[in-house]
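Asks: Take a look at this one; I'll ask things after.
The values are calculated or read from the model by the stated rules, or taken from the named source; none is laboratory data. Since the model is a prediction, treat every value here as computed from it, not as a measurement. For neighbour counting, all protein chains shown are included, and Cβ atoms are generated from backbone atoms with ideal geometry for every residue, glycine included.
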Amino acid sequence: MKLRPLQLLVYALLTLYSIAVALPIVWMFLSSTKTVRELFSFPFALPAQPQWGNFAKAWDSGISHYLVNSLFVTTVSVCLIVLFSALAAYALARLNFPGRVPIFLLLIAGFAIPVHTVLVPLYRSLNGMGLLNTYAGLIAPYVAFGIPFSVLLLYAFFLEFPPEIEDAARIDGCSTLPMVFKIVMPLSMPALVSVTVFQSVFLWNEFSLALIVIRDDALRTIPLGLTKFQGQWSTNWTLMLASLSMATLPVLLLYIVLQKQFIRSLVGFSK
Amino acid sequence: MTTNTFENRHATRKRANGWRKARKRREWFDAYLLVAPALLMFLVFIIYPLISTVYLSLFDYGLTDPRIRFIGFGNFAELGQDAVFWRALRNNATILVVSVLVQVGLGVILAAMIDRGVRWGKSFYRTLNFAPVVMSAVAVGILWQLIYDPTVGLANHFVRAIGIHPPTQGWLGDPNIVIFAVLVVACWQYTGYVMVIVLAGMQSVSQELYEAAAIDGANEIQKFFSVTIPSIRNVIIAVILITMIGAVKVFDIVYILTRGGPANASQVMGTYIYYNAFTVNRAGYASAISVVLLAIALILGVMQLRLSSRPREDA
């Protein structure tokens with residue numbers, strides 16, 4: 001570490017790699033403010049006049065609806081995932097009951113199951129329940145597929161939850177359910193936030209299930225909406241890039257603000 | 001007197017037992033109540049469909065067909081003869097091998113450089129390199145489709161600048177190049193993911209180990225191999241498994257970039273399942289492919305769970 005040349009080399013390599021990572025994203029934002037003609041000149045030249053109209057046009061062409069749809073589906077799904085997973089993880093980690101271990105193993109084994117292996121029967125089931133092409137038809141499988149990972153993460157958290165707090169509550173005559181809602185959950189906020197952030201980003205970006213469940217343009221989420229533009233605007237590049245920028249900006253901002261929580265949940269996941 | 005006392009005691013114990021049993025029952029009931037919502041969703045939307053997949057793989061059936069016809073292992077026999085299926089399987093294998101080598105290899109090197117090589121800007125490099133991970137695969141796919149475009153895309157600009165002639169059929173149009181063009185995108189997006197997890201592992205390695213190695217006269221490269229790598233062995237195995245599972249499951253990026261084309265050259269199991277079920281109405285055949293995918297994913301998943309439930313050796 002004392003060798004200055006070595007450290008300079010490391011800085012140079014890291015910076016070079018970071019530029020390679022950043023270039024496509026920078027190009028996306030930069031090009032979305034250009035005219036189509038400017039796009040054909042030097043790729044990193046600044047636009048003569050920023051074309052904010054690209055954003056307005058993409059917004060009016062459907063992006064605004066897709067953003068609202070994604071926000072709604074993601075919010076409802078994540079709330080249900082966190083609630084269901086936290087309750088289940090608490091019971092599995094802290095209470096004794098017959099079937100505890102098999103239920104735990106079954107739930108976490110679910111996270112090895114690729115969603116594509118169940119697309120066909122899921123499509124049939126949702127069709128049978130009349131949920132095809134509805135928000136509920138998207139939210140229900142989202143919740144189910146979010147549970148294994150969240151239970152695994154929260155289970156590890158609840159294992160280390162201090163038992164003194166529970167004992168104190170029990171001595172005060174508090175029974176299990178009120179204790180879980182009034183005492184355990186408020187004290188578990190950091191873990192719940194980690195799960196929330198992770199699942200929000202994951203569901204905001206989810207595509208495979210949306211592709212088979214949603215047919216109506218009015219119900220499309222952001223990733224599904226972008227695929228419509230992919231066909232429609234294959235020549236209108238600047239509009240396409242403006243849409244991509246608007247779809248990407250919310251998650252990038254969320255990530256920058258909450259990156260600690262996000263990374264914590266990822267690291268817990270790999271242990 | 002004595003019998004009376006005995007009976008009293010006996011009654012007290014009986015009452016206490018009954019009370020304890022009632023409390024236990026009460027706890028069981030509460031526990032089942034807490035587990036029920038998660039378990040119900042899981043059974044209805046994952047386990048039941050999973051069993052259906054295995055069942056449907058034995059039928060000749062399309063989603064819009066009114067009737068289904070039992071054909072035993074006919075779909076699996078056809079899979080053995082299906083060149084596109086083998087191509088898809090081989091593409092998954094290519095993606096798996098290259099992803100592990102590039103994403104894990106590069107991810108570990110980058111993490112080591114950030115952990116031990118620089119003094120300032122650690123969190124800047126980490127934040128920046130992780131950014132593509134949070135983007136949707138759809139946005140990333142469309143963005144790279146534009147980058148690969150022969151008329152205005154960055155890719156041609158770049159290779160011309162270093163004196164290489166870009167492929168005449170386009171990066172995504174050449175059957176021999178397309179899978180590697182897809183891999184570039186996957187590695188661009190996910191190397192930062194591996195890096196962040198490995199970096200967290202490296203930051204928990206005790207400084208004393210490095211100091212001891214320094215006393216022995218080890219340089220930075222020697223420390224990397226004799227201290228860093230052995231200390232984070234489990235983390236590295238974990239990211240290798242996560243990367244392998246990701247390579248087996250891959251769908252979005254391939255679907256967006258190529259739809260499996262040109263001429264099935266970039267088909268993977270995920271896109272081939274979708275194609276059979278929803279494009280050519282062969283849901284039974286798609287289910288058979290799903291069973292193969294499921295078997296591979298479960299093997300990798302069990303390996304990862306065994307690893308994560310093992311007591312960790314590093315402090």
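Asks: Within segment A:6-111, considering only helices (runs of 4 or more DSSP H) that don't extend past its boundaries, which have at least 2 residues that are more than 8 Å from chain B (Cβ to nearest Cβ) and modelled with pLDDT under 90?
Replies: Details: elements: A:36-39, A:53-58, A:64-94, A:100-109.
Output list reads A:36-39, A:53-58.
Asks: Conditions first: (1) touching a residue at least 24 places away in the same chain (Cβ under 8 Å); (2) out of contact with any Gly (no Cβ under 8 Å at 6 or more places or on another chain). A:Q230 passes all but one, so which condition is the exception?
Replies: (1)
Asks: Which ones in segment B:31-74 are over 16 Å from B:A283 (Cβ atoms) and modelled with pLDDT under 90?
Replies: Selection gives B:G72 alone.
Asks: Mind listing whichever residues of segment A:176-196 are surrounded by fewer than 22 Cβ atoms within 10 Å (Cβ to Cβ), among the β-branched types (V, I, T) and either within 10 Å of chain B (Cβ to nearest Cβ) or under 20 Å from B:E27 (Cβ atoms) (or both)?
Replies: If the condition is that a residue be surrounded by fewer than 22 Cβ atoms within 10 Å (Cβ to Cβ), among the β-branched types (V, I, T) and either within 10 Å of chain B (Cβ to nearest Cβ) or under 20 Å from B:E27 (Cβ atoms) (or both), then A:I183, A:V184 are the ones that fit.
Asks: What are the residues in segment B:47-70 that are touching a Leu at 6+ places or on another chain (Cβ under 9 Å) and crowded, with 17+ Cβ neighbours inside 10 Å, if any?
Replies: B:I47, B:P49, B:L50, B:S52, B:T53, listed by residue number.
Asks: Got a sec? Which of B:G163, B:G173, B:G192 is more than 8 Å from chain A (Cβ to nearest Cβ) and under 29 Å from A:L211 (Cα atoms)? Talk me through it step by step, then tell me what you get.
Replies: Numbers: B:G163 fails: under 29 Å from A:L211 (Cα atoms); B:G192 fails: more than 8 Å from chain A (Cβ to nearest Cβ).
Just one listed residue meets the conditions, B:G173.
Asks: Test A:D216 against the criterion of being more than 11 Å from chain B (Cβ to nearest Cβ), modelled with pLDDT under 90 and either surrounded by fewer than 22 Cβ atoms within 10 Å (Cβ to Cβ) or more than 28 Å from A:F262 (Cβ to Cβ) (or both), and give yes or no.
Replies: No.
Asks: Are there any pairs, at least 6 apart or on different chains, whose C-beta atoms fall under 6 Å, with the first in segment B:165-181 and without any contact (Cβ under 8 Å) to a residue 12 or more places away in the chain and the second among the aliphatic types (A, V, I, L, M) and in a loop (DSSP other than H, G, I, E, B), and if so, which?
Replies: Final answer for the pair search is B:P167/B:I177.
Asks: Check off (1) within 30 Å of A:R4 (Cα to Cα); (2) at the interface with another protein chain (Cβ under 7 Å from one of its Cβ atoms); (3) out of contact with any Gly (no Cβ under 8 Å at 6 or more places or on another chain) for B:V104 and give me the number that stays unchecked.
Replies: For B:V104, the failing item is (2).
Asks: Is it the case, given these coordinates, that A:P121 is closer than 28 Å to A:G231 by Cα and either more than 12 Å from chain B (Cβ to nearest Cβ) or touching a helix residue (DSSP H, G or I) at 6+ places or on another chain (Cβ under 7 Å) (or both)?
Replies: So A:P121 fails the test.
Asks: Look at segment A:246-263 and say how many of its residues are in contact (Cβ under 8 Å) with a residue 60 or more places away in the chain and more than 9 Å from chain B (Cβ to nearest Cβ).
Replies: Total meeting the criteria: 4.
Asks: If the requirement is being assigned to a helix (DSSP H, G or I), surrounded by 14 or more Cβ atoms within 10 Å (Cβ to Cβ) and without any contact (Cβ under 8 Å) to a residue 24 or more places away in the chain, which of these qualifies: B:V227, B:V185?
Replies: Criteria check complete, one pass: B:V227.
Asks: Tell me, please, whether a residue that is of a type in the set (S, T, N, Q), over 23 Å from B:W188 (Cα atoms), modelled with pLDDT under 95 and in the same structural domain as B:V97 (by TED's automatic domain parsing) can be found in segment B:243-250.
Replies: Within segment B:243-250 (the criterion being of a type in the set (S, T, N, Q), over 23 Å from B:W188 (Cα atoms), modelled with pLDDT under 95 and in the same structural domain as B:V97 (by TED's automatic domain parsing)), the answer is no, since none of the residues qualifies.
Asks: Go through segment A:125-175 and report how many residues are of a type in the set (G, A, S) and modelled with pLDDT of 90 or more. Outline the logic, then answer.
Replies: First pass over segment A:125-175, keeping only residues of a type in the set (G, A, S): A:125, A:128, A:130, A:136-137, A:140, A:144, A:146, A:150, A:156, A:168-169, A:173, A:175.
Those still in the list that are modelled with pLDDT of 90 or more too: A:125, A:128, A:130, A:136-137, A:140, A:144, A:146, A:150.
Result for segment A:125-175: 9.
Asks: Can you name every residue in segment B:89-111 that is under 14 Å from the mean Cα position of the chain (by Cα) and either closer than 30 Å to A:T15 by Cβ or not assigned by TED's automatic domain parsing to the domain that holds B:L183 (or both)?
Replies: The answer is B:I95, B:V97, B:S99, B:V100, B:Q103, B:V104.
Asks: If we scan segment B:59-72, do we find a residue that is more than 14 Å from every other protein chain (Cβ to nearest Cβ) and either under 22 Å from the mean Cα position of the chain (by Cα) or under 29 Å from B:V182 (Cα atoms) (or both)?
Replies: No, segment B:59-72 contains no residue that is more than 14 Å from every other protein chain (Cβ to nearest Cβ) and either under 22 Å from the mean Cα position of the chain (by Cα) or under 29 Å from B:V182 (Cα atoms) (or both).
Asks: Continuing with this model, one more query. Considering segment A:26-50 alone, what residues qualify as being free of Cβ contacts under 8 Å to residues at least 60 places away in the same chain and aliphatic (A, V, I, L, M)?
Replies: Within segment A:26-50, A:V26, A:L30, A:A45, A:L46, A:A48 qualify.
Asks: When residues of segment A:146-169 are filtered for being more than 14 Å from chain B (Cβ to nearest Cβ) and not charged (D, E, K, R), how many remain?
Replies: The qualifying residues number 6.
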